[in-house]
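Undergrad: Please see the structure below; I have some questions.
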Amino acid sequence: MATRDEIERVRDATDLASLIGEFVALQHRGREHVGLCPFHDDSRPSFAVVTHKESAFYKCHACGAAGDCFRFVQEHLGKDFGESLRFLAERAGIELTRGHDPEQEQTASRKTWLRKALDAGHAHFQRQLAGDASGRDAREVIEARGISPAMVEAFGIGCAGDGWSTLRDELACEALPAKVSVAAGLLKQREDEHTWDAFRHRLMFPISDDTGRPIAFGGRILSEDEEPKYLNSSEHDLFHKSRTLYGLHLARRSIMAEGQAIVAEGYTDVIACHQAGFTNVVATLGTAMTEQHARHLSRLCKVAVLLFDGDEAGQRAAERAIPIVLAHDIDVLICVLPDNTDPDTLLRQPNGQSRFRQALDESVDAFEFLLRRLEVDLQSTSGLSARQKATEDFAQAVVRFGIHKAAPLRRAMVTSRLAELAGVAPAVIAELLAHKADRDPSGRTSNREESTELPGMESEVEVAPALRRAELDVLAVAIHSQHADISVLHSGLPLADPTARRIAQAIQETHRSGGELTMQTLLDSLPAEDDRKIASDLYFDGERLIEASEGDQDDAIAACCDALDRCRRALDSRQRMADWKASAARDPQAAAKVIEHLRGIGPRAAAMPRPSGQ
């Protein structure tokens, strides 16, 4: 924790008017600075920044918002105090010593070099766009997509040239070490230390931090015969996909004013929305909305609307969003756009803005979205068994999402709505959820390794889904390891799930080739879109699993491998049970003797002998 002296040094070094002026248009009025309040929908200047007093402060005479530099960063940028202190210290050029921690000082120095490289790269891309020859293709794409000059400037759009060393040569002139530019994701490097431009012939979208400074780049192809279509910077000390939202530095004020954030899926979607006047729109970076995204947005608003171009995509999004809803103080709505269109395509249509607004108005709570899908399934099913299975499957999913962690009122509302759809009393659904909650999220019964029912009873264990989940969990952790041997992790046994096999093969091939395993290299090696989406989800599942093991990758791998081993043993037990039932059907008398024997030693299904001849 920083000392009191360091906090005061940062406070004294921060020009409050200059700081707030980066986010709010201020004008001199007497000895104060005034402007529109960033904390409410202000129509006339009611926000004052007072710097002539002993301690500088701000005050809104309309909504009452007030505080110092730390409070402003906390409230306006959605940071906690520690993050605010580090942000202002870096802005003022003050290194927080924390006992002169060498590791921390090294990290701060590394970040300074990264920022220098990223700023230089951004300036280069903008110059390339303005160039007569280098920017011609990019300007044609910008014009064809209807992106206005104002949006090009606001989002800092540029382009990468078609050469292999255009950027590399310019960065060398800036006295930037090649290893810094490689770490920043601007250059690629071979084992022989030869470097080349990471982005070539692409429209470049800077990905910015809270203050609008570039921390990474996304590049879109300028020629449709090039691959991949989108290419993002690799992660580094300043850039983490799971924590970053594209366009947030421009959307923050609107998000706070409207109490709602709209989350799209791509750069051009965000730009199209802002150009059409929907300025509270941001985008994830090729991933689903994460816990970190939700935590950040919950500091700015109470509602997040996820945009999708079809019911199936909305279904998957709703399922991924439910755990976020339960864990954070934010409501997540699902908005399915008409005619399977994306925001960019829709908003460029003659009546696009009104149709887009209508779709937003018809957004549905993520829970309600899933319940409506269940309702459709139940209405199309007349058989009692089928309706029962649909309801039980939904209850299992709700438990997996973490309904037991939800607030009592939310849990009661979901129970009541599910009971209404199923046509049963809420108490029945509550009992069903309690029964399902006795098992862990992967489907295994808690406190039991295997089923213990006697022959003639149906097994409670859904082994196949659990086995698939266990295999994917091992891969989720392996994605984060540069040294994970997949064959060792799986004890040399083949994976049962085809998707898991393909992802494991992609990981193994990357390791064998000596390349760096990153999310981008993994996605590039998976041609099927469904596999890419699952791999993208696995990346964040891996972060969660490693975090649950207190950040220890080895412990996380061991835990996942143990779960996989239990699933395989359960599958083997289930197969032995099926073999025994088949044998019992052929020889009932022999079966009766075995049952009598089991009653004498206790009902341990694991001790069930194989049928004779098996």
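The values are calculated or read from the model by the stated rules, or taken from the named source; none is laboratory data. Here the structure is a predicted model, which means the values were calculated and not measured. Note: ideal-geometry Cβ built from the backbone for every residue, glycine included; neighbour counts use all protein chains shown.
Undergrad: Identify the residue in region 341-388 that is closer than 30 Å to residue 277 by Cα and exposed (fewer than 13 other Cβ atoms within 10 Å of the Cβ) and, among all such residues, is modelled with the lowest pLDDT.
TA: The qualifying residue modelled with the lowest pLDDT is 350.
Undergrad: Scan region 375-414 for residues that are among the polar types (S, T, N, Q) and either within 18 Å of residue 323 (Cβ to Cβ) or touching an Asp or Glu at 6+ places or on another chain (Cβ under 8 Å) (or both) and report the count. Even if it seems obvious, please write down each step before you answer.
TA: In the first step, residues of region 375-414 are kept if they are among the polar types (S, T, N, Q); the result is 379-382, 385, 388, 391, 396.
In the following step, the residues that additionally are either within 18 Å of residue 323 (Cβ to Cβ) or touching an Asp or Glu at 6+ places or on another chain (Cβ under 8 Å) (or both) were identified as 396.
Residues meeting the conditions: 1.
Undergrad: Restricting the first residue to region 132-161 and requiring it to be in the same structural domain as residue 204 (by TED's automatic domain parsing) and at positive phi, which pairs with a second residue that is surrounded by fewer than 16 Cβ atoms within 10 Å (Cβ to Cβ) and not aliphatic (A, V, I, L, M) meet a Cβ separation below 9 Å and a spacing of at least six or different chains?
TA: 146/348; 156/212
Undergrad: Still on this structure, please answer the following. Residues in region 177-194 that are buried (at least 20 other Cβ atoms within 10 Å of the Cβ) and either more than 20 Å from residue 238 (Cβ to Cβ) or more than 31 Å from the chain's Cα centre (by Cα) (or both): how many?
TA: Residues that pass the stated criteria total 0.
Undergrad: Filter region 245-272 down to the residues that are in a helix (DSSP H, G or I) and of a type in the set (Gly, Ala, Ser), then identify the one that is nearest to residue 149 (Cα to Cα).
TA: My answer is 272.
Undergrad: Can I ask one more? Give the residues of region 167-182 that are touching a residue at least 40 places away in the same chain (Cβ under 8 Å) and either closer than 27 Å to residue 269 by Cβ or not charged (D, E, K, R) (or both), sorted by residue number. Spell out the reasoning first.
TA: In the first step, residues of region 167-182 are kept if they are touching a residue at least 40 places away in the same chain (Cβ under 8 Å); the result is 167, 170-171, 174, 176-177, 180-181.
Selection gives 167, 171, 176, 177, 180, 181.
Undergrad: Moving to a separate point now. Cβ-Cβ distance below 8 Å, separation of 6 or more or different chains: which pairs start in region 285-298 with a residue that is closer than 18 Å to residue 259 by Cα and in the same structural domain as residue 268 (by TED's automatic domain parsing) and end on one that is in a helix (DSSP H, G or I) and of a type in the set (Ser, Thr, Tyr)?
TA: So the pair list comes out as 293/242.
Undergrad: Give the residues of region 306-318 that are assigned to a loop (DSSP other than H, G, I, E, B) and polar (S, T, N, Q), sorted by residue number.
TA: Start the filter on region 306-318 by keeping residues that are assigned to a loop (DSSP other than H, G, I, E, B), which leaves 309-310.
Listed by number, the list is empty, since nothing qualifies.
Undergrad: Can you tell which of 242, 223 is among the polar types (S, T, N, Q), surrounded by fewer than 22 Cβ atoms within 10 Å (Cβ to Cβ) and either part of a loop (DSSP other than H, G, I, E, B) or without any contact (Cβ under 8 Å) to a residue 24 or more places away in the chain (or both)?
TA: Details: 242 fails: either part of a loop (DSSP other than H, G, I, E, B) or without any contact (Cβ under 8 Å) to a residue 24 or more places away in the chain (or both).
Going through 242, 223 in turn, the sole match is 223.
Undergrad: Out of all the residues in region 196-204, is one or more over 28 Å from residue 517 (Cβ atoms), out of contact with any Lys or Arg (no Cβ under 6 Å at 6 or more places or on another chain) and among the charged types (D, E, K, R)? Show your work before the answer.
TA: Step one: list which residues in region 196-204 are over 28 Å from residue 517 (Cβ atoms), which gives none.
No, every residue in region 196-204 fails to be over 28 Å from residue 517 (Cβ atoms), out of contact with any Lys or Arg (no Cβ under 6 Å at 6 or more places or on another chain) and among the charged types (D, E, K, R).
Undergrad: How about region 335-438: which helices (runs of 4 or more DSSP H) wholly inside it have at least 2 residues that are of a type in the set (Phe, Trp, Tyr)? Talk me through it step by step, then tell me what you get.
TA: Values: elements: 343-347, 352-361, 366-379, 384-401, 408-422, 426-437.
In region 335-438, 366-379, 384-401 are the helices (runs of 4 or more DSSP H) which contain 2 or more residues that are of a type in the set (Phe, Trp, Tyr).
Undergrad: Residues being closer than 15 Å to residue 247 by Cβ and either modelled with pLDDT under 75 or not in a loop (DSSP other than H, G, I, E, B) (or both): count how many of those fall in region 286-305.
TA: 5
Undergrad: So residue 198 ticks every box in (1) touching a residue at least 40 places away in the same chain (Cβ under 8 Å); (2) out of contact with any helix residue (DSSP H, G or I) (no Cβ under 6 Å at 6 or more places or on another chain); (3) buried (at least 19 other Cβ atoms within 10 Å of the Cβ) but one. Which box is left unticked?
TA: (1)
Undergrad: Of the residues that make up region 374-382, is at least one under 29 Å from the mean Cα position of the chain (by Cα) and touching a residue at least 24 places away in the same chain (Cβ under 8 Å)?
TA: Yes, the conditions are met somewhere in region 374-382.
Undergrad: Evaluate the following for residue 277: is it touching a residue at least 24 places away in the same chain (Cβ under 8 Å), surrounded by fewer than 18 Cβ atoms within 10 Å (Cβ to Cβ) and in contact with a Cys (Cβ under 7 Å, 6 or more places away or on another chain)? Please lay out each step first, then the result.
TA: On the way: touching a residue at least 24 places away in the same chain (Cβ under 8 Å): yes; surrounded by fewer than 18 Cβ atoms within 10 Å (Cβ to Cβ): yes; in contact with a Cys (Cβ under 7 Å, 6 or more places away or on another chain): no.
No; evaluated as a whole, the condition is false for this residue.
Undergrad: When region 273-285 is examined, which residues are found to be in a loop (DSSP other than H, G, I, E, B) and under 21 Å from residue 38 (Cα atoms)?
TA: Keep residues of region 273-285 that are in a loop (DSSP other than H, G, I, E, B), which gives 276-280, 284-285.
Once the filter is applied, which keeps residues that are in a loop (DSSP other than H, G, I, E, B) and under 21 Å from residue 38 (Cα atoms), region 273-285 yields 277, 278, 279, 280.
Undergrad: Here is a further query. Select from region 319-331 the residues that are of a type in the set (Gly, Ala, Ser) and either in contact with a Lys or Arg (Cβ under 8 Å, 6 or more places away or on another chain) or part of a loop (DSSP other than H, G, I, E, B) (or both) and list them in ascending order.
TA: 327
Undergrad: Determine whether residue 386 is among the small types (Gly, Ala, Ser) and under 29 Å from the mean Cα position of the chain (by Cα).
TA: Working: among the small types (Gly, Ala, Ser): yes; under 29 Å from the mean Cα position of the chain (by Cα): no.
So residue 386 fails the test.
Undergrad: Can I ask one more? Hand me the list of helices (runs of 4 or more DSSP H) wholly inside region 115-197 holding 1 or more residues that are closer than 18 Å to residue 231 by Cβ.
TA: Details: elements: 136-144, 149-154, 166-173, 178-183.
Result: 136-144, 166-173, 178-183.
Undergrad: Go through (1) more than 28 Å from residue 279 (Cβ to Cβ); (2) surrounded by 17 or more Cβ atoms within 10 Å (Cβ to Cβ); (3) without any contact (Cβ under 8 Å) to a residue 40 or more places away in the chain and name the single condition residue 396 misses.
TA: In the conditions (1) more than 28 Å from residue 279 (Cβ to Cβ); (2) surrounded by 17 or more Cβ atoms within 10 Å (Cβ to Cβ); (3) without any contact (Cβ under 8 Å) to a residue 40 or more places away in the chain, residue 396 misses (3) alone.
Undergrad: Residue check, residue 96 against (1) assigned to a loop (DSSP other than H, G, I, E, B); (2) modelled with pLDDT under 85; (3) within 30 Å of residue 202 (Cα to Cα); (4) not charged (D, E, K, R), all met but one. Which one?
TA: Answer for residue 96: the failing condition is (3).
Undergrad: Specify the residue that is modelled with the highest pLDDT; the eligible residues are those in region 474-506 that are in a loop (DSSP other than H, G, I, E, B) and charged (D, E, K, R). If you could, list the steps in order and put the result at the bottom.
TA: Restricting attention to region 474-506, the residues satisfying the condition of being in a loop (DSSP other than H, G, I, E, B) are 479-485, 490-497.
Narrowing further to those that are charged (D, E, K, R): 485, 497.
Numbers: 485: 51, 497: 80.
Of everything passing the filter in region 474-506, 497 is modelled with the highest pLDDT.
Undergrad: Only residues that are of a type in the set (Gly, Ala, Ser) and surrounded by fewer than 17 Cβ atoms within 10 Å (Cβ to Cβ): list them for region 18-59, please. Spell out the reasoning first.
TA: Narrowing region 18-59 to residues of a type in the set (Gly, Ala, Ser): 18, 21, 25, 30, 35, 43, 46, 48, 55-56.
Once the filter is applied, which keeps residues that are of a type in the set (Gly, Ala, Ser) and surrounded by fewer than 17 Cβ atoms within 10 Å (Cβ to Cβ), region 18-59 yields 18, 21, 25, 30, 43, 55.
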